[in-house]
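Below is one structure, written out as structure tokens, with a few remarks after it.
The values are calculated or read from the model by the stated rules, or taken from the named source; none is laboratory data. Here the structure is a predicted model, which means the values were calculated and not measured. Cβ coordinates were reconstructed from backbone atoms using ideal geometry, including for glycine residues, and neighbour counts include every protein chain displayed.
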Amino acid sequence: MSIVIPTKAPQLKDDGTAGSPLPSARLHQMPCWINYNGPAEVDQFFQIQGKYVPAYAAESSAEEDQSLTKEPPAYPVSKSIYLSGFRGRLLQGRRSSVPKGFQGYVLTARQVDQLYAPHPDVPPQPIERTVLMATRKFGGFMVWDHDHPPHPAGDTTLKAMDWLMVASLIHKPTSVP
């Protein structure tokens, strides 16, 4: 499998020139299974009803604002809790950003036929290969949960953002004194 992330949209214009840059996507991670894969009119039908800042978050943000020496988190998670509903259930969500130094992409799988020869003496055989094409990019997303807001310490998607940062630190070159 290969991954192709073009800096331009994969389509070409009628005159043969490269397309425009990848369009941005607004992503929502829902706490349910939706038996559909593909684009949807989310902005038209899924409405965020409001937001609030919990008392504990408001108090901690006042302390953080006074300290100018603190470094911002690598992937900020909003203190605001957003409210919405889906299929008759209350949803509470947080806005999260992709970690610093990373870019998020929406990928589409395509099957590509290629000729492959394992050895120069063997005639090439057609093989089917999966190629992932970037169709959109994103810098953040909404994480939703039922009954309570997602918390960075307990939500698996938000925890995965920690692993991206850990992986970049593990693979960072080090110097030996």
Qualifying position, being at pLDDT below 80, surrounded by 10 or more Cβ atoms within 10 Å (Cβ to Cβ) and not aliphatic (A, V, I, L, M), among Pro152, Pro118: Pro152
Do we find that Pro73 is farther than 18 Å from His151 by Cα, under 24 Å from the mean Cα position of the chain (by Cα) and at pLDDT below 85 in this structure? no
Among all residue pairs at least 6 apart or on different chains, which show Cβ distances below 8 Å where the first residue, located in segment 85-101, is closer than 17 Å to Ala153 by Cα and the second is in a strand (DSSP E or B) and of a type in the set (S, T, N, Q)? Gly93/Ser84
Subset of segment 13-48, residues at pLDDT below 80 and among the basic types (Lys, Arg), comes to Lys13
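Does Val131 qualify as being within 30 Å of Ala167 (Cα to Cα), modelled with pLDDT of 85 or more and hydrophobic (A, V, I, L, M, F, W, C)?
Against the criterion (within 30 Å of Ala167 (Cα to Cα), modelled with pLDDT of 85 or more and hydrophobic (A, V, I, L, M, F, W, C)), Val131 does not qualify.
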Of (1) modelled with pLDDT of 85 or more; (2) in a helix (DSSP H, G or I), Arg136 fails just (2)
Matching residues, segment 77-101, being at pLDDT below 85 and among the charged types (D, E, K, R): Lys79, Lys100
In this structure, is Gly104 modelled with pLDDT of 85 or more, under 26 Å from Pro39 (Cβ atoms) and loosely packed, with under 12 Cβ neighbours inside 10 Å? no
Can you run down the residue pairs with Cβ atoms below 6 Å, 6 or more apart or on separate chains, where the first is in segment 147-174 and touching a residue at least 60 places away in the same chain (Cβ under 8 Å) and the partner is in a helix (DSSP H, G or I)? Pro152/Leu158
So is Thr130 in contact with a Pro (Cβ under 9 Å, 6 or more places away or on another chain) and of a type in the set (S, T, N, Q) or not? no
